[in-house]
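Q: After the structure tokens below, expect a handful of questions from me.
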Amino acid sequence: MNNSNLNKLTPQKKLAELIKACIKYGADKDGKITKTKLAKLVYLSDFAFFYKNLVPITGVEYRKLDNGPVSLTYFNELLDLVGTHKVNLQKKGNAELLSLSEAKEEIS
């Protein structure tokens, strides 16, 4: 994501784009990533950017959970991406695996 494209997006859209990028680059060889690993990558990506630029990528607020910090809107954005078929959700036992849709939507 480059800065000029980011400035034009709402915080929720920035979060959705960051989620898709983390799936694309953080998934296993099969293209799938667990929901918990994805949440951690989103948080670490947002704050690595913050460390370098003194502003987070998304501009969303985070809260502390037992498994680590997560955006207040992370779960809603993830459900929206699944609902619009931009991201696939597969349950395997207790794990929820996420992958980009077959259309391989372009990430801004």
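No lab work stands behind these numbers, since they all come straight from the coordinates. All values derive from a computational prediction rather than experimental measurement. Every residue, glycine among them, receives a Cβ derived from its backbone with ideal geometry; neighbour counts consider all protein chains shown.
Q: Could you check the stretch 41-74 and list, in sequence order, the residues that are under 17 Å from L98 (Cβ atoms), crowded, with 18+ Cβ neighbours inside 10 Å and not hydrophobic (A, V, I, L, M, F, W, C)?
A: Answer for the stretch 41-74, where residues must be under 17 Å from L98 (Cβ atoms), crowded, with 18+ Cβ neighbours inside 10 Å and not hydrophobic (A, V, I, L, M, F, W, C): Y43, S45, S71, Y74.
Q: Report every pair of residues separated by at least 6 positions or lying on different chains whose Cβ atoms are under 8 Å apart, first residue within the stretch 63-76 and part of a loop (DSSP other than H, G, I, E, B), second exposed (fewer than 12 other Cβ atoms within 10 Å of the Cβ) and not hydroxyl-bearing (S, T, Y).
A: From residues that are part of a loop (DSSP other than H, G, I, E, B), the pairs are P69/R63; L72/E61; L72/R63.
Q: I need the full set of residues from the stretch 83-100 which are surrounded by 12 or more Cβ atoms within 10 Å (Cβ to Cβ) and free of Cβ contacts under 8 Å to residues at least 12 places away in the same chain, in order please.
A: L89
Q: Test K20 against the criterion of being in a helix (DSSP H, G or I), surrounded by 12 or more Cβ atoms within 10 Å (Cβ to Cβ), in contact with an Asp or Glu (Cβ under 8 Å, 6 or more places away or on another chain) and of a type in the set (K, R), and give yes or no.
A: Yes: the conditions hold for K20.
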